[in-house]
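The values are calculated or read from the model by the stated rules, or taken from the named source; none is laboratory data. Predicted model only: the values in this text are computed from it and were never measured. Cβ atoms come from the backbone with ideal geometry, glycine included; neighbour counts cover every protein chain shown. Protein only, heavy atoms only, side chains kept; ligands, DNA and RNA dropped before computing areas. Shrake-Rupley method; radii C 1.70, N 1.55, O 1.52, S 1.80 Å.
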Amino acid sequence: MLIGTIRPDETRKITVQGEELDEIQDLVAAQTPDGWEITRAPVAMSKKDTVLTCEATIARRNGLQEIEGADLDALRSLTPAGFTLISVRAS
């Protein structure tokens, strides 16, 4: 018997603008809910402006659950839509 750990596979985009990198980081962090992580935060500046723009990607990292199956194929088939199988161990 195998036990698999699954978590929600949900991401969101956050767009913020600011004058400095520290301000951009603070704005993105303020819009990131508990249980979520910032996975990508590229910053760009317009050629005709001094405003920085960031389109950050955040991903949900909470909501872990365990599922059981006879083999890896069974675990994969038991993983619901919107979830990712992140680890497998023998029971």
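A few points about this structure:
- From the options Leu85, Leu52, Leu2, Leu72, residue that is in contact (Cβ under 8 Å) with a residue 24 or more places away in the chain and within 22 Å of the chain's Cα centre (by Cα): Leu85
- Summed over the range 22-34, the residues that are more than 11 Å from Cys54 (Cβ to Cβ) and either in contact with a Leu (Cβ under 7 Å, 6 or more places away or on another chain) or surrounded by fewer than 11 Cβ atoms within 10 Å (Cβ to Cβ) (or both) give a count of 4.
- When Gly4, Gly18 are checked against the criterion of being under 29 Å from Val88 (Cβ atoms) and open to solvent by less than 30 Å² (accessible area, probe 1.4 Å), a single residue qualifies: Gly4.
- Taking the range 1-21 as the range and being closer than 30 Å to Asp73 by Cα and of a type outside the set (Gly, Ala, Ser) as the test, the residues that pass are Met1, Leu2, Ile3, Thr5, Ile6, Arg7, Pro8, Asp9, Glu10, Thr11, Arg12.
- Residue in the range 4-27 that is of a type in the set (A, V, I, L, M) and under 18 Å from Thr84 (Cβ atoms) present: yes
- Within the range 57-69, the set of residues being touching a residue at least 60 places away in the same chain (Cβ under 8 Å), surrounded by 15 or more Cβ atoms within 10 Å (Cβ to Cβ) and within 30 Å of Pro33 (Cβ to Cβ) comprises Ile67 only.
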